[in-house]
1. Could you give log10 I(q)/I(0) at q = 0.15, 0.23 Å⁻¹ for region 150-260, computed by the Debye formula over C-alpha point scatterers of equal weight, without solvent?
2. Helix-only mean residue ellipticity at 222 nm, the chain, DSSP H runs n ≥ 4 weighted -39,500 (n - 2.57), per residue, nearest 500. What is it?
3. Listed highest first by mean packing, meaning other Cβ atoms within 10 Å per residue, what order do 237-246, 11-20 come in?
4. Which whole-angstrom value gives the distance between the alpha carbon centres of region 110-154 and region 17-33?
5. Could you list log10 I(q)/I(0) for region 212-338 at q = 0.11, 0.15 Å⁻¹, which the Debye formula gives when each Cα is one point scatterer?
6. What is the Cα convex hull volume of region 6-123 when expressed per residue in Å³?
7. Pick out the long, greasy-scoring helices in the chain: whole DSSP H runs spanning 27 Å or more along their own axis by Cα, mean Kyte-Doolittle at least 0.0.
8. Mind checking the per residue accessible area of the chain for me, 1.4 Å probe, whole number of Å²?
Amino acid sequence: MTLHAITWDGSTDRLRLLDQTRLPGETVHLDVETVDQLVDAISVLAVRGAPALGVAGAMGVVVALDQARREGWDEGTLEAAIDRVRLARPTAVNLAWGVDQVRPLVAQGRDAVLEAARRLAAEDEAANRELSRLGVDWLLARVDRPRLRVLTHCNAGALATAGWGTALGLVRELHARDRLEFVHADETRPLLQGARLTAYELAEEGIPHAVQSDGAAASTIMRGLVDCAIVGSDRIAANGDVANKIGTLGVALACREAGIPFVVAAPWSTVDLATASGEDIEIEERPGEEVTRYAGVPVTPSASVGFNPAFDVTPARFVTAVVTERGVVSPAAGERMD
Ligand code: MRU
């Protein structure tokens, strides 16, 4: 069984999202009827994670088509609404990719778009399972330990995808093969995707883990407490530069210094060959209040402002391996994605 954070609900014929802002405390679903609701859900990270955003984008086109029919939109209004979904967050290439995959089918009607969006979701889960197998084979051929100790950052699990997960997919696969010892999950300030979501998924599956502050990551790596780091990605450029949640770069630098693999796990839909290098990736800037507050409570002097880039770019030379369903590429060894 795998969690499904994003589904098209057959009984209501609507997009249904597991509200990830409420986890782990509450399991609340959002029924999405309008483009405004979807853009808001994407903006506040009720639905998040690059592959899940791809599915949300594709299903968002159906939401727009249904709203257009109900409200009698003209074509220009419909196109503008689809563009709003496509641009709701800038860094994860999957969001625009998901919209672009189904947009050409609009002329064939909403059922054709819905079928394509559902297929895209099924393909994402299948890709995650395949890349997990390939990634674990790659790791076990290189790390000589009966059971691996893994560090991960942010949440790249079932919640961040159509199901199963990318970085956590590898963790699940290791666990299933009885080759996993322990997971160090970075809490991932400011929105705590690690503490709230990764820990939730690991706890659900009985996988031994600890949540650590982001500041502990470099020391955990340098003390030899983990054998590798495995993370997801929001966009991988043609040269192998990797955008992922802020803090990932520090993990990669520490892995390089410690001489352990820094592994990026992502479906091919996250690879953006049209982006030459990380310099061309737009990094989302989020509200400073996410940093100056903790759980909604101000923690800084009122005169302080927050600096809140949501992602960073790890240069290809620090990326030991990019694992996709198509195989393993080693940017640090000079291999390119194209
Ligand atoms: O801001 P978020 O929570 O959408 O950021 C998510 C990440 O950075 C993930 O690591 C990435 O999207 C890969 S998810 C399989």
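1. With no solvent term, the Cα-only Debye profile gives -0.58, -1.38.
2. Values: 10 runs with 121 residues, N = 338.
Taking each H run of at least 4 residues, the total per residue is -11000 deg cm²/dmol.
3. Details: 237-246: 24.9, 11-20: 17.4.
Ranking the peptides 237-246, 11-20 by packing returns 237-246, 11-20.
4. Taking the Cα centre of each part, region 110-154 and region 17-33 sit 23 Å apart.
5. Result of the Debye calculation: -0.43, -0.73.
6. Details: hull volume 11.2 nm³, N = 118.
In region 6-123, the Cα hull volume divided by residue count equals 95 Å³.
7. Numbers: long enough: 50-71 (30 Å, 0.67); 110-140 (45 Å, -0.28).
In the chain, the long hydrophobic H runs are 50-71.
8. For the chain, the solvent-accessible area averages 41 Å² per residue.
The values are calculated or read from the model by the stated rules, or taken from the named source; none is laboratory data. Everything quoted here is computed from the prediction, not taken from an experiment. Positions of Cβ are generated from backbone atoms using ideal geometry, with glycine treated the same way; all protein chains shown enter the neighbour counts. These area figures cover heavy atoms from the full protein model, side chains too; ligands, DNA and RNA do not enter into them. Shrake-Rupley method; radii C 1.70, N 1.55, O 1.52, S 1.80 Å.
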